[in-house]
Amino acid sequence: MKIFFKLFLLLFFANNIILAKPTIVDSSYSYEILKTNITYPSGLTEKKGDLLISDLSNGKIYSYNNQNNLEIYYEGLPFGFDVMGYPTGPYKIKFYNDKLYISQGWADINRLEDHIYDHAFLELEKNITVITNDLWNPYDFSFYENDIYLIDSGKNNITKIDKNNNFFELIFFDKIIQKQEDMQVLSPTEFSNTEPYLTDSVPTGIAINNDGTIYVSIFGGFPYFKGSGKILQINDGINGNKESSILIENLNSPVDIEFLSDGNLAILEMGTFDYEKEFAQKDGRLLIYNFKKKKLNEILKKLDRPQTILQRKNGDIVLSELSGNIYIVSNYK
Amino acid sequence: MFFYRLNIIILFFFFLISESFAESLFEKKNPFIFIKGGEFVFGNNRGEENEKPQTLVNIENFYINMYEISNEIFNDYVSLSGNRNSYFYEHFYLGKNTHPVVGLSWKDASDFCKFYNANLPTEAQYERATRGLNGNLYSWGNDEPNPKLVNMGSKECCNPDIKDGYEATSPVGSFLLGKNEEGVMDLTGNVWEWMDGWYYSYKNNNDQEKLFRVLRGGSWKNNAWKLRSTYRMAYNGDFRFAANGGFRCVKIIE
């Protein structure tokens, strides 16, 4: 009976995965699904025309070439499920100066203690080098003039790692004051006093433009109130300026950002959080912020817990989803 | 046709047997303890506004689980029912077999009790079991909570405290000295417990438009004030991410 029930669930979810298709909002865009059979695609990067994809289900990095061949590029990275039940492993990968950089999560409930790759930032050339594992939750990172800017979504900060491997904490993101009326949706007895309620200000994505301005997506902290996500702008952030301003607000759990070749900023939203069902499936969106017009455009909606956004050299935008799908989004403008 | 009907009868018979077997296994692991009904002190005039007024309430006899529902028992239930597991069932600490199950919505908890022909306790049943007939503040009496009596939090609200030996939940039934008069364990502390019914005002019996459910008893994160047997925590019943919210069941046996 139990086996049949599990089988039913498997079929049900398999069906859902097949049926879960995002909707195009801006008709100048179209998309196709990349057929890879990767279970939990997460990190994306491009190496000499090939697309590299990390898989949180097995700790592997795959290479997808122009002939539509999928090959294992590297294997052996830790993977598993974190204490909240989300897949963890090589979150993000980026190819830069002939090296592949990896932000590695992994807090599997069955993990070996003190594994050197546990919550580490790694460099892969021929072998893996641990740049640092003194991190709580390394997530996204970016490069500017050979320096690395690494986001820690546990410590809620950005660390600059210079070319001599010196570490500087650039910015710490302070807690967010929540409105009392928001919290009272959860509990009128526990959040009814006049003291402010603070939630974590969790950075997720980072992008740096040509003049050294840092942009960071702020996911908001648990319980992830609707509209509490934002994009911060830190002018001259690379030189240690800690003053940030809000570029965009009222977002629902923005998980990644990426500068496009036209100078606009692509934003990936995970979606809204349901008090009973976690992050709602098929509630993610791809947005593009036009700096000149100061306008936020919705491109795709109904994405299923998207993870990473990448623009390829040919202009296509690639998105990965926890549902297993990878989308190639093209613009015909 | 005869054999078809016979098969149906046999299948129904096996269904009844398996259901009662599951029920008895559950009760073997977590016995129901008899609580004598009668008139008892309900509410607290010296508590929060929502605990007032203090009144005398009459209640019928009932049975209550000796322990908070553990992960082991909830896992049994998930296997039998096909219902979803708790949010933290794989958690390296909170998901331990002997610890109380946490990370459940009100409906998850209520469905469990109904599966075993029981219910969540009403607020009146919880208070009667916890404070006895004379209106005690805690399950053990009126002494201030301390780490020998209860798994509780720090003095300042609302942080964990390891003086009681546990950084978060403790295995159910770990605090023998904190049991109630009838031997029911952890009615005070360890995890908050979902109650049956909606959150309502004692003063006007208004059920607040059925927006919130109630949890009682305080938890490993709470101080003496919130551990009081009359403290009422109203919460969104859909919320299933609390690492300090669990439950137990009650039965009325005629």
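The values are calculated or read from the model by the stated rules, or taken from the named source; none is laboratory data. Given the structure is predicted, the values throughout are model-derived calculations rather than measurements. Ideal geometry is used to build each Cβ from the backbone, glycine not excepted, and the neighbour counts take in all protein chains shown.
Here B:E209 fulfils each of the conditions (1) within 12 Å of chain A (Cβ to nearest Cβ); (2) of a type outside the set (G, A, S); (3) in contact with a Cys (Cβ under 7 Å, 6 or more places away or on another chain) apart from (3). Determine whether B:F175 is within 13 Å of another protein chain (Cβ to nearest Cβ) and either on the phi > 0 side of the Ramachandran plot or free of Cβ contacts under 8 Å to residues at least 40 places away in the same chain (or both). No.
Of all residues in region B:153-161, none satisfies being in the same structural domain as B:T230 (by TED's automatic domain parsing), farther than 15 Å from B:Y231 by Cβ, at pLDDT 95 or above and not small (G, A, S).
Residues in region B:97-112 that are of a type outside the set (G, A, S) and either touching a residue at least 40 places away in the same chain (Cβ under 8 Å) or not in a loop (DSSP other than H, G, I, E, B) (or both): B:T98, B:H99, B:P100, B:V101, B:V102, B:L104, B:W106, B:K107, B:D108, B:D111, B:F112. Which of the residues spanning region B:80-97 are within 9 Å of another protein chain (Cβ to nearest Cβ), surrounded by 15 or more Cβ atoms within 10 Å (Cβ to Cβ) and touching a Lys or Arg at 6+ places or on another chain (Cβ under 9 Å)? Listed by number, the residues that qualify are B:L80, B:Y87. Residues in region B:115-132 that are surrounded by 13 or more Cβ atoms within 10 Å (Cβ to Cβ) and outside any helix (DSSP H, G or I): B:Y116, B:A118, B:N119, B:L120, B:P121, B:T122, B:G132.
Counting only strands (runs of 3 or more DSSP E) that fall entirely inside region A:177-283 and contain at least 2 residues that are in contact (Cβ under 8 Å) with a residue 12 or more places away in the chain, over 21 Å from the mean Cα position of the chain (by Cα) and within 14 Å of another protein chain (Cβ to nearest Cβ), the qualifying elements are A:197-199. Within region B:44-96, the residues that satisfy the criterion of being assigned to a strand (DSSP E or B) and either of a type outside the set (A, V, I, L, M, F, W, C) or under 16 Å from B:G245 (Cβ atoms) (or both) are B:T55, B:N58, B:Y63, B:N65, B:S70. Among residues of region B:2-35 being under 18 Å from the mean Cα position of the chain (by Cα) and outside any strand (DSSP E or B), the one that is modelled with the lowest pLDDT is B:E23. Scan region B:123-139 residue by residue and report those that are out of contact with any Phe, Trp or Tyr (no Cβ under 9 Å at 6 or more places or on another chain) and closer than 19 Å to B:M66 by Cβ. B:Y126, B:N136, B:Y138, B:S139, listed by residue number.
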